[in-house]
Amino acid sequence: MSLILNIETATKNCSVSLAENGVLLALNEVNDGNYSHGEQLHLLIKNILTEAGKSISDIDAIAVSKGPGSYTGLRIGVSTAKGLCFSLDKPLIAVSTLTALSNSITVDKDAVIVPMLDARRMEVYSAVYNHNHNQIREIKAEVITENSFLEYLSKGKVYFLGDGADKCKSILKNDNAFFLDGYFPSAKQMAQLSFDKYKKSDTEDVAYFEPFYLKDFMVTKSKK
């Protein structure tokens, strides 16, 4: 038996789930368009334990979305997860943010999935997955042009989802390009992924684990 607390804070969706043996017991999310994770996350964790009738000491492992994504969001989620692991002496599991997002949808076997997270300007963080949610192209930070993803669009349907997909609609004009609205990385999809890693003892060094930022943090100068 395994009871895993899953934490997802890579985007504006602050999401927490509790799962037993990969089966979702409870899910709490706040997506109000703001990065309010610092205020919301601990409350969501408390509420989800109450909802599931569990205590923090019942948890066998803590899983966290490792990125890529928002620098601040990832830092808050990972810091919280590591703090819980230290205090409870429990293992830390890291789940790819884009892999979890890919698992939000089901597609035909000839189609591919491109989860996208918004970066700066016309740039996104993305990867490519087949219908079984196996990654077939590495994660990249890339500027989207009319030639992006032609290798896949020329072969069949490509489903784009995530908060980075919206700004690509006007550029990727192709009959095989399908844009799905309203999808964010969620702790819901982490339930099975974290359990799979738990079964294999695929865990992280709590002391040294860092989020997968993909790019260096950029400080924007005030215009004042």
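The values are calculated or read from the model by the stated rules, or taken from the named source; none is laboratory data. What you see is a predicted model; the values in this text were computed from it and never measured. All Cβ positions, even for glycine, are placed from backbone atoms using ideal geometry, and neighbour counts span all protein chains on display.
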Unmet criterion (only one of (1) surrounded by 14 or more Cβ atoms within 10 Å (Cβ to Cβ); (2) closer than 19 Å to residue 98 by Cα; (3) touching a helix residue (DSSP H, G or I) at 6+ places or on another chain (Cβ under 9 Å); (4) modelled with pLDDT under 95) for residue 72: (1)
If you take just the helices (runs of 4 or more DSSP H) that sit entirely in segment 30-102, which of them hold at least 1 residues that are over 16 Å from residue 194 (Cα atoms)? 37-52, 71-88
Residues to consider are 141, 127; find the one that is within 14 Å of the chain's Cα centre (by Cα) and not assigned by TED's automatic domain parsing to the domain that holds residue 37. 127
For segment 27-41, name all the residues that are in contact with a helix residue (DSSP H, G or I) (Cβ under 7 Å, 6 or more places away or on another chain) and surrounded by fewer than 18 Cβ atoms within 10 Å (Cβ to Cβ). 30, 35, 38
Residue, nearest to the chain's Cα centre (by Cα), within segment 109-124, restricted to residues that are within 14 Å of residue 152 (Cα to Cα) and part of a loop (DSSP other than H, G, I, E, B): 111
So is residue 158 farther than 30 Å from residue 5 by Cα, within 20 Å of the chain's Cα centre (by Cα), of a type outside the set (Lys, Arg) and crowded, with 21+ Cβ neighbours inside 10 Å or not? yes
